[in-house]
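First the structure, in the form of structure tokens, and then the observations on it.
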Ligand SMILES: [Zn+2]
Ligand SMILES: [Zn+2]
């Protein structure tokens, strides 16, 4: 499995005995990311057996406490455990001051660098890119500036057909081009088609994260065709008025976004603590988008 998401916290604002505030762990070809870092995220990481020191970057959607109150605690534990490697933090501009003041006012210091990447309120676009993954952000519609995240695994190298390649006694110098899906030329200038020497690459996955948000069709253009969508569903239909007032979504609204964006699979979370279980959310969402699942804490979802 080269790309997966693990739900560590999928509760809403109030932590309960059954649910933790927002936090998701993303693994992609040896890159390790967190999306949101609610209170207790470091405990959830430990329970899941994920090493805190491996986290390369943390993406914070907005400054409601249930999405970042675990950040300073996590950073402090990373220090106690001997971290020296920088950590990258993407989030709303005030986050840097909040975190630095908490560290400094406690007369503490961290043995590693905090590299902040502020996401301006109106910004939509690329946040991070390397040779295996691209991470973009887009605006959500909530009470304060809030961003969603879109993760695209890049196209993987094609598989070399070793036998055919050896049979034709080709130079290994052709391999990089073939693996990237480009034709090559022999020394005599004869064209060699990559299709003759490679088979299709492994599947590359994509994932979108939308929490917290009112129903917002602007999201659709950004997440169109994504494989797996996580969308908040704080309420059910009977509390639609409350969803509107608090700028959250109902399960059916999340399902409508999934349907308009033509995603393959929808996971929902951020269910209000007023509900005992996700049954009604599931039932209502499935009326609009059949392939809906509850993002149960601990669940690992394969993305490629
Ligand atoms: Zn929230
Ligand atoms: Zn919020």
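The values are calculated or read from the model by the stated rules, or taken from the named source; none is laboratory data. In this text the structure is predicted, and so the values were computed from the model without any measurement. Positions of Cβ are generated from backbone atoms using ideal geometry, with glycine treated the same way; all protein chains shown enter the neighbour counts.
Which one of 49, 65, 38, 82 is within 14 Å of ligand 1 (Cβ to nearest atom), at pLDDT 95 or above and either in contact with a strand residue (DSSP E or B) (Cβ under 6 Å, 6 or more places away or on another chain) or more than 27 Å from residue 120 (Cβ to Cβ) (or both)?
38
To keep it simple, each residue is scored yes or no on (1) out of contact with any strand residue (DSSP E or B) (no Cβ under 8 Å at 6 or more places or on another chain); (2) closer than 30 Å to residue 27 by Cα.
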| position | (1), (2) |
| --- | --- |
| 169 | yes, no |
| 176 | yes, yes |
| 185 | no, no |
| 203 | yes, yes |
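Condition first: in a helix (DSSP H, G or I), within 25 Å of residue 150 (Cβ to Cβ), within 16 Å of ligand 2 (Cβ to nearest atom) and at pLDDT 95 or above. Can you find one or more residues in the stretch 53-60 that meet it?
No: zero hits.
Counting only residues that are surrounded by 17 or more Cβ atoms within 10 Å (Cβ to Cβ) and in contact (Cβ under 8 Å) with a residue 40 or more places away in the chain, which one in the stretch 217-230 is farthest from ligand 1 (Cβ to nearest atom)?
227
When only residues in the stretch 193-211 that are buried (at least 17 other Cβ atoms within 10 Å of the Cβ) and more than 30 Å from residue 143 (Cα to Cα) count, which is nearest to the chain's Cα centre (by Cα)?
It comes out as 205.
Please find, within the stretch 15-32, the residue that is surrounded by the most Cβ atoms within 10 Å (Cβ to Cβ) out of those that are part of a strand (DSSP E or B) and free of Cβ contacts under 8 Å to residues at least 40 places away in the same chain. Break it down into steps so the answer makes sense when it comes.
The first filter runs over the stretch 15-32 and keeps only residues part of a strand (DSSP E or B), leaving 23-28, 31-32.
Among the residues that remain, those that are also free of Cβ contacts under 8 Å to residues at least 40 places away in the same chain are: 25, 27, 32.
Values: 25: 21, 27: 18, 32: 16.
Ranking the candidates gives 25 first.
Of the residues 254, 233, 245, 214, which single one is in the same structural domain as residue 11 (by TED's automatic domain parsing), within 16 Å of ligand 1 (Cβ to nearest atom) and exposed (fewer than 15 other Cβ atoms within 10 Å of the Cβ)?
245
Mind checking which pairs have a first residue in the stretch 132-146 that is closer than 16 Å to residue 254 by Cβ and outside any loop (DSSP other than H, G, I, E, B) and a second that is within 16 Å of ligand 2 (Cβ to nearest atom) and modelled with pLDDT under 95, Cβ under 8 Å, 6 or more apart or different chains?
none
Out of the residues in the stretch 92-108 meeting the condition of being free of Cβ contacts under 8 Å to residues at least 24 places away in the same chain and part of a loop (DSSP other than H, G, I, E, B), tell me which one is nearest to residue 211 (Cα to Cα).
Restricting to residues being free of Cβ contacts under 8 Å to residues at least 24 places away in the same chain and part of a loop (DSSP other than H, G, I, E, B), the top hit is 106.
Can you tell me which residue among 89, 43 is in contact with a strand residue (DSSP E or B) (Cβ under 8 Å, 6 or more places away or on another chain) and either in the same structural domain as residue 145 (by TED's automatic domain parsing) or in contact (Cβ under 8 Å) with a residue 12 or more places away in the chain (or both)?
Working: 43 fails: in contact with a strand residue (DSSP E or B) (Cβ under 8 Å, 6 or more places away or on another chain).
Of the residues listed, the single one that is in contact with a strand residue (DSSP E or B) (Cβ under 8 Å, 6 or more places away or on another chain) and either in the same structural domain as residue 145 (by TED's automatic domain parsing) or in contact (Cβ under 8 Å) with a residue 12 or more places away in the chain (or both) is 89.
Consider residue 160 carefully, then state whether it is in contact with a helix residue (DSSP H, G or I) (Cβ under 7 Å, 6 or more places away or on another chain), under 26 Å from residue 303 (Cα atoms) and buried (at least 19 other Cβ atoms within 10 Å of the Cβ).
Here the answer is no, as residue 160 does not meet what is asked.
Tell me, please, whether a residue that is surrounded by fewer than 17 Cβ atoms within 10 Å (Cβ to Cβ), assigned by TED's automatic domain parsing to the domain that holds residue 261 and free of Cβ contacts under 8 Å to residues at least 60 places away in the same chain can be found in the stretch 172-186.
Looking for residues that are surrounded by fewer than 17 Cβ atoms within 10 Å (Cβ to Cβ), assigned by TED's automatic domain parsing to the domain that holds residue 261 and free of Cβ contacts under 8 Å to residues at least 60 places away in the same chain, one finds none in the stretch 172-186, hence no.
Among the helices (runs of 4 or more DSSP H) lying completely within the stretch 192-304, list those that include at least 2 residues that are modelled with pLDDT of 95 or more and farther than 30 Å from residue 162 by Cβ.
Filter on the stretch 192-304 gives 218-223, 240-246, 251-260, 279-286.
Tell me, which residue of the stretch 44-68 that is in contact with a helix residue (DSSP H, G or I) (Cβ under 9 Å, 6 or more places away or on another chain) and farther than 20 Å from residue 137 by Cα is surrounded by the fewest Cβ atoms within 10 Å (Cβ to Cβ)?
51
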